[in-house]
Every structure is written in C-alpha cells, then in structure tokens.
1. Suppose we filter region A:64-81 for residues that are assigned to a loop (DSSP other than H, G, I, E, B) and either without any contact (Cβ under 8 Å) to a residue 40 or more places away in the chain or within 12 Å of A:VAL121 (Cα to Cα) (or both); how many remain?
2. In region A:110-134, which residue that is of a type outside the set (Gly, Ala, Ser) and in contact with a helix residue (DSSP H, G or I) (Cβ under 7 Å, 6 or more places away or on another chain) is surrounded by the fewest Cβ atoms within 10 Å (Cβ to Cβ)?
3. Run down A:GLY115, A:GLY105 and say which single residue is in contact with a Gly (Cβ under 8 Å, 6 or more places away or on another chain) and in a helix (DSSP H, G or I).
4. Taking region A:91-117 only, how many residues are within 13 Å of DNA strand C (Cβ to nearest atom) and touching a Leu at 6+ places or on another chain (Cβ under 8 Å)?
5. If you go through region A:175-193, how many residues are surrounded by fewer than 13 Cβ atoms within 10 Å (Cβ to Cβ) and assigned to a loop (DSSP other than H, G, I, E, B)?
6. Testing A:TRP146 on (1) under 17 Å from the mean Cα position of the chain (by Cα); (2) within 16 Å of ligand 1 (Cβ to nearest atom), one condition comes back false. Which one is that?
7. Only one of these is exposed (fewer than 15 other Cβ atoms within 10 Å of the Cβ), among the basic types (Lys, Arg) and in contact with a Phe, Trp or Tyr (Cβ under 7 Å, 6 or more places away or on another chain): A:ARG50, A:ARG33, A:ARG40. Name it.
Amino acid sequence: MGKWYVVWHGRTPGVYSTWEEARQQVEHFPGARYKAFLTREAAQQAFEARSPNDSDLPASQLPVTALPDKVRRGYAVDAACNSITKEMEYRCVRIADKQEVFRRGPFPDATNNVGEFLAIVHALAWLRQQGSTAPVYSDSMIATFWIAEGKCRTRLPRTDRNAELFERIARAEQWLAENDYCNAVLKWRKDEWGENPADFGR
RNA sequence: ACAU
DNA sequence: GTATGT
Ligand SMILES: [Mg+2]
Ligand SMILES: [Mg+2]
C-alpha cells in the first residue's frame with residue numbers, strides 16, 4: 001500500500017496518492033506544510049481540517065507558536081564552519097520571530113565547536129547588556145559543556161590566520177570567569193522542535 | 001554511541 | 001564524503 005500525501009500549504013493544496021505529485025506542490029515552496037498518511041481516509045480527514053494540527057506536523061515544519069512558552073521567550077545561537085575552507089561564523093536569533101540579533105565572522109582557520117562556544121558567550125554578554133534573563137538555546141552539546149566549565153577545550157592548532165579567533169576565545173573565557181549570568185544555557189531539542197531557528201541552512 |  | 005568534540 002502506497003502512502004497518501006496531504007499538502008496543506010503548497011502550490012495546489014490537496015491529497016495526493018504519490019510523492020511524485022505531492023513533491024511538485026511543496027519543493028522550492030518556502031513554508032510548505034505537508035505530511036504522508038497511511039490511509040486515504042486519514043489523509044482526507046487531516047486535509048479537511050484545512051490547517052494542520054501541530055501534532056500532525058513533522059518537527060521540521062512546526063510553527064514557532066507550537067513551541068513551549070519558555071522556549072519562545074528565548075534566543076537561539078548557531079555556528080557554521082566550512083570543513084574545506086575552515087571559515088566559521090556564528091549568529092543569534094530571537095526565537096519568537098527569528099529576528100537576527102547578532103552575527104560575527106567569517107573567521108579563518110576555525111572549528112564548528114569554537115563557533116558554537118563563542119556564539120553562546122556572545123549571547124550571554126549581549127543579553128546581560130539588554131538586561132534580559134531569557135534562556136539561550138544551542139544545539140551543540142560540546143559548547144554547552146564548555147560553557148558550564150567556563151573553558152573552551154578546543155584542539156584547534158594556532159596559525160598565523162586565527163590569532164584574532166584565539167583572542168576572542170580568551171576574552172570569552174575571561175567574560176565567563178568575571179561575570180555572573182542567570183540566563184539558562186539549554187540544549188535546542190531538534191528532535192522535538194525541528195531545526196535550530198539560528199541555523200545557517202547550509 | 002551521542003551532539004554538531 | 002570530510003572534520004569537531006564528549
Ligand atoms: Mg549547530
Ligand atoms: Mg546549524
């Protein structure tokens with residue numbers, strides 16, 4: 001038995017019997033909402049609701065309004081590092097509306113984990129300056145460990161090109177040592193909430 | 001293995 | 001497929 005595909009939001013919303021047809025409605029359609037069901041009846045019923053129940057959507061399509069309140073009040077950080085060029089950048093967005101609040105980089109001769117670490121510290125400093133105690137979400141286990149330790153445990157070798165980066169790492173560690181912050185640093189639960197809203201999409 |  | 005990390 002083939003699956004049935006509901007397209008709530010796409011070029012032509014409807015119930016489709018093949019992925020071939022359904023994909024043409026949703027591919028390259030930003031914000032598309034769609035999901036496969038096992039039976040035609042289940043698909044039809046879901047489609048007739050006109051708008052998908054959050055519980056029907058895969059995590060990748062969850063609207064921010066479906067997130068827990070505590071999460072919606074927070075900020076998300078993420079880093080991107082090209083594994084060929086070793087160029088890294090990082091940024092932070094307000095989760096409620098995905099508005100970018102800062103972005104830094106690119107930094108040469110870096111690593112993903114250094115970027116994830118610097119992003120969190122920068123967010124903590126920025127939030128303190130804003131007088132905000134909102135939580136910071138990162139999808140990086142490594143960086144959240146390093147924050148808890150107050151130490152960036154990178155194995156990245158120093159080069160002539162990453163002196164500024166190591167300077168930033170030192171300043172970040174110093175900031176952690178000298179400042180108390182009450183913002184929680186929490187794991188972004190990709191499995192439950194979908195992609196990190198600060199993700200670079202690369 | 002887990003998270004990137 | 002590559003690399004960063006616990
Ligand atoms: Mg990340
Ligand atoms: Mg990302």
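1. Result for region A:64-81: 1.
2. A:ASN113
3. The unique qualifying residue is A:GLY115.
4. Adding up the residues that qualify gives 5.
5. Residues that pass the stated criteria total 4.
6. (1)
7. Selected residue: A:ARG40, the only one of A:ARG50, A:ARG33, A:ARG40 that is exposed (fewer than 15 other Cβ atoms within 10 Å of the Cβ), among the basic types (Lys, Arg) and in contact with a Phe, Trp or Tyr (Cβ under 7 Å, 6 or more places away or on another chain).
Residue by residue, here is whether (1) among the acidic types (Asp, Glu); (2) outside any loop (DSSP other than H, G, I, E, B); (3) out of contact with any strand residue (DSSP E or B) (no Cβ under 9 Å at 6 or more places or on another chain); (4) within 16 Å of DNA strand C (Cβ to nearest atom) holds:
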{"position": "A:SER132", "(1), (2), (3), (4)": "no, no, no, no"}
{"position": "A:ALA148", "(1), (2), (3), (4)": "no, yes, no, yes"}
{"position": "A:ARG153", "(1), (2), (3), (4)": "no, no, yes, yes"}
{"position": "A:THR159", "(1), (2), (3), (4)": "no, no, yes, yes"}
{"position": "A:ALA170", "(1), (2), (3), (4)": "no, yes, yes, yes"}
{"position": "A:GLU173", "(1), (2), (3), (4)": "yes, yes, yes, yes"}
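Any read-out appearing in this document is the output of simple, stated calculations on the displayed coordinates, not a laboratory observation. These figures come from a predicted structure and were not determined experimentally. As a convention, Cβ positions derive from the backbone with ideal geometry for all residues, glycine included, and neighbour counts pool all protein chains shown.
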